[in-house]
1. Mind checking which residues of region 74-89 are over 18 Å from residue 40 (Cβ atoms) and in contact (Cβ under 8 Å) with a residue 40 or more places away in the chain?
2. Would you mention how many residues in region 93-124 are surrounded by fewer than 23 Cβ atoms within 10 Å (Cβ to Cβ), farther than 22 Å from residue 162 by Cβ and either under 26 Å from the mean Cα position of the chain (by Cα) or not assigned by TED's automatic domain parsing to the domain that holds residue 14 (or both)?
3. Is at least one residue of region 165-172 at pLDDT 90 or above and either farther than 27 Å from residue 3 by Cα or not assigned by TED's automatic domain parsing to the domain that holds residue 119 (or both)?
4. Inspect all residues belonging to region 365-372 and state whether any of them is at pLDDT 85 or above and surrounded by 14 or more Cβ atoms within 10 Å (Cβ to Cβ).
5. Looking at this structure, is residue 120 in a helix (DSSP H, G or I) and within 26 Å of residue 176 (Cβ to Cβ)?
6. Confirm whether residue 43 is modelled with pLDDT of 95 or more and out of contact with any strand residue (DSSP E or B) (no Cβ under 6 Å at 6 or more places or on another chain).
7. At positive phi and without any contact (Cβ under 8 Å) to a residue 12 or more places away in the chain: is that true of residue 139 in this structure?
8. Consider residue 67 carefully, then state whether it is farther than 13 Å from residue 4 by Cβ, assigned by TED's automatic domain parsing to the domain that holds residue 8, assigned to a loop (DSSP other than H, G, I, E, B) and out of contact with any strand residue (DSSP E or B) (no Cβ under 8 Å at 6 or more places or on another chain).
């Protein structure tokens, strides 16, 4: 058949792109426009092979082979098929299992069935050499594409390079049409209105009992991070020094015998849990007003629920800050009583129990809040809620802008 097929090793393509653009092969250092990337691969393949595209196969790893947000977006795109191997953690590093074997099986099967005349391989792994040789024996022309190496050297197996019929290099100009390095300097969003409450919580002095408890667990507080407000109002994630109060410590500040001066009036306790707001002895209780706020599920029709799933698959990237913004936007747009929005805004930084739990369950769909390095990632929780409050701030501020400004 006079058609071409593209087989993409996503680990190689995106890892090499991260090395080229960000200086290290970590995919977390880059942002990928998958629609633009797929379109670029299609156009380049049809141009190089002078054959129409039959299909792009995207091979990648995923924990327990469960599709991640990028995989869900890719597999609903036209002419794209996603094949997932396992992603396992060994010696502190993530490694793909079964991806090379899947690519080899797909390559040999397509060639044996004469499904195409040309195959484009975007990979660097020499384990694909037997499959490449088998495809050639079945009369298929094999095109090997490389990502420009950061050091100008090869980032592919020399045996693959020698066996390929044609070889091309995807240079920096081509890569940057769909991939860019992340700006790790902070969240790219306009700064929200200053929120002093979190800083007030962190500055609250510990009671003697809490200090004694902290002394019994030396080193446990190191390397923990917490969200705080910077002086210019931008939310930042900054490492917390030893002695930063835990929720349990802060709850003790409200216990019997606590001096009023020890607890700033503006400080509000917030509990982090995948179940949302958790009431603790000595902590604040849910007000009747907060309990009456509707959940997103109550505000969403069946048609909107379907549209939400489509948007989650095709548009929402899975960044924790973005996830919080998307949830807040949907909740605000579907409110029938505008007073609910004003009530919620006055509750900052606390998100009412039912809404917060629903927000975290929504975030879990994107693989957030999962165990990372055997610990639940608190950074994600702060970012999810920061995105939620940022969207609330933008909407409430817009409603208070006088007409004509």
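The values are calculated or read from the model by the stated rules, or taken from the named source; none is laboratory data. As the structure is a computational prediction, the values presented were derived from the model and not from experiment. Heads up, the Cβs are rebuilt from the backbone with ideal geometry, glycines too, and the neighbour counts pull from every protein chain shown.
1. Within region 74-89, 76 is the sole residue that qualifies.
2. 7
3. Yes, some residue in region 165-172 is at pLDDT 90 or above and either farther than 27 Å from residue 3 by Cα or not assigned by TED's automatic domain parsing to the domain that holds residue 119 (or both).
4. To start, the set of residues in region 365-372 that are at pLDDT 85 or above comprises none.
No: region 365-372 contains no residue that is at pLDDT 85 or above and surrounded by 14 or more Cβ atoms within 10 Å (Cβ to Cβ).
5. Details: in a helix (DSSP H, G or I): no; within 26 Å of residue 176 (Cβ to Cβ): yes.
No, not satisfied.
6. On the way: modelled with pLDDT of 95 or more: yes; out of contact with any strand residue (DSSP E or B) (no Cβ under 6 Å at 6 or more places or on another chain): yes.
So residue 43 passes the test.
7. Values: at positive phi: yes; without any contact (Cβ under 8 Å) to a residue 12 or more places away in the chain: no.
When the stated conditions are applied, residue 139 does not pass them.
8. Numbers: farther than 13 Å from residue 4 by Cβ: yes; assigned by TED's automatic domain parsing to the domain that holds residue 8: yes; assigned to a loop (DSSP other than H, G, I, E, B): yes; out of contact with any strand residue (DSSP E or B) (no Cβ under 8 Å at 6 or more places or on another chain): no.
It is false that residue 67 is farther than 13 Å from residue 4 by Cβ, assigned by TED's automatic domain parsing to the domain that holds residue 8, assigned to a loop (DSSP other than H, G, I, E, B) and out of contact with any strand residue (DSSP E or B) (no Cβ under 8 Å at 6 or more places or on another chain).
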